Amino acid sequence: MSDASGGNGQGDGGRMSFWLRAMPVVFVLIWSTGFIVAKFGLPYAPPLTFLVIRYVLSILCFLVWIQLSSAPWPTCRRQWGHLAVTGLFMHAGYLGGVWVAVKAGMGSGLVALIVGLQPVLTAVWISQWAGLKISRLQWLGLTLGLAGLLLVVWRKLGVGTEVSGFTLAAAVFALLSITAGTLYQKNFVKSNDVRTANVIQLLAALLLTLPLTLLETEAIKWNAEFIGAMAWSVLVLTLGGSSLLYLLLQRGAAMAVTSLLYLVPPTTALMAWALFGEGITAATIVGTVLTALGVSLVVSASSSAPVSKVS
């Protein structure tokens, strides 16, 4: 992967070291705003149409950046294919599921909590794929994580339209998509330039999502809120957040990266409380803590457990 910066000396080295340490924190803050932006933008546009416009504008921005920086494209056709698959999972599947769920009435904090179970699925998937036994500590973590999720969701079942079969299905689809995309990218995508890699991923997502917009009948309301949400989605979430996720996956283990998502649900819940007045009850706090504790147990046990093949 080509570097976007140059320079020599201890000053440059110190700045680079600081940036590498700050990347996870910046990623969590940016990623958490994705659920908030959905809440801002979706009252004025159907979800898939919004995403199609976002993909197109993001591709155009990346192409300008690529042209100005002469960023290299992948030279292997197989890598183009692998990047396209990750785009289908991590953009079309994940974003599509989240935005459809929010549009259908699910709160941004609850969507973030459900998708925040990704580390649990990642830990189990990696353990099973590697032929490792799931320890008692990991099962305890899985149980705590599920208990935390149910604690938050249970009080909302049958109350309004926030939690329904449709909204839960959309949120779980997003969860499965980003989990599969993360694991697929870590296992099959080699080191490529983040700018050209993003274009390939976004093109694949655009080709899949565009035909689905024919099912949407709602018209776009062009106002300041919609334009602001779109600008944030393109410039901050896609160019910033998606690029950071790609870089973090290239530089670290999948489990280490997905563990950052523990922090997304409480961060999103705090943002949603401040901006939309979404309630933070005792059940929400306890459920979030249980989920974070559960997934942390799963990941810590996965990283520290000795290699033990299933016989």
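Bear in mind that the values in this text are calculations on the coordinates, not laboratory data. Since the model is a prediction, treat every value here as computed from it, not as a measurement. Positions of Cβ are backbone-derived with ideal geometry, glycine not excepted, and every protein chain shown enters the neighbour counts.
Among 273-282, 200-209, the peptide with the highest mean count of other Cβ atoms within 10 Å heads the list, and the full ranking is 200-209, 273-282.
Hey, with R₀ at 35 Å, roughly what FRET efficiency would ALA22 and PHE166 work out to, going by the Cβ-Cβ distance, to 0.05? Write down the numbers at each step before the final one.
Details: r = 39 Å, r/R0 = 1.10.
Here the calculated transfer efficiency is 0.35.
Here is the size of the range 26-304 from its Cα atoms: Rg then Dmax, 18.3, 54 Å.
When only the Cβ of Lys, Arg, Asp and Glu is charged (+1, +1, -1, -1), the dipole of the range 26-304 relative to its Cα centre reaches about 580 debye.
Over the range 26-304, Cα pairs under 8 Å with separation of 6+ residues give a relative contact order of 42 percent.
For the range 267-283, the Karplus equation 6.51 cos²θ - 1.76 cosθ + 1.60, evaluated at θ = phi - 60°, returns couplings of 5, 5, 4, 5, 5, 5, 5, 6, 9, 10, x, 5, x, 10, 8, 4, 5 Hz by residue, with Gly and Pro reported as x. With both labels modelled 7 Å from their Cα along Cα-to-Cβ, the ARG251 to TRP139 distance reads 3.8 nm.
Sorted on the mean count of surrounding Cβ atoms within 10 Å across their residues, most packed first, peptides 187-197, 90-100 read 90-100, 187-197. For the range 63-115, the Kirkwood hydrodynamic radius from C-alpha pairs, put into Stokes-Einstein at 25 °C and a viscosity of 0.890 mPa s, yields a diffusion coefficient of 181 µm² per second.
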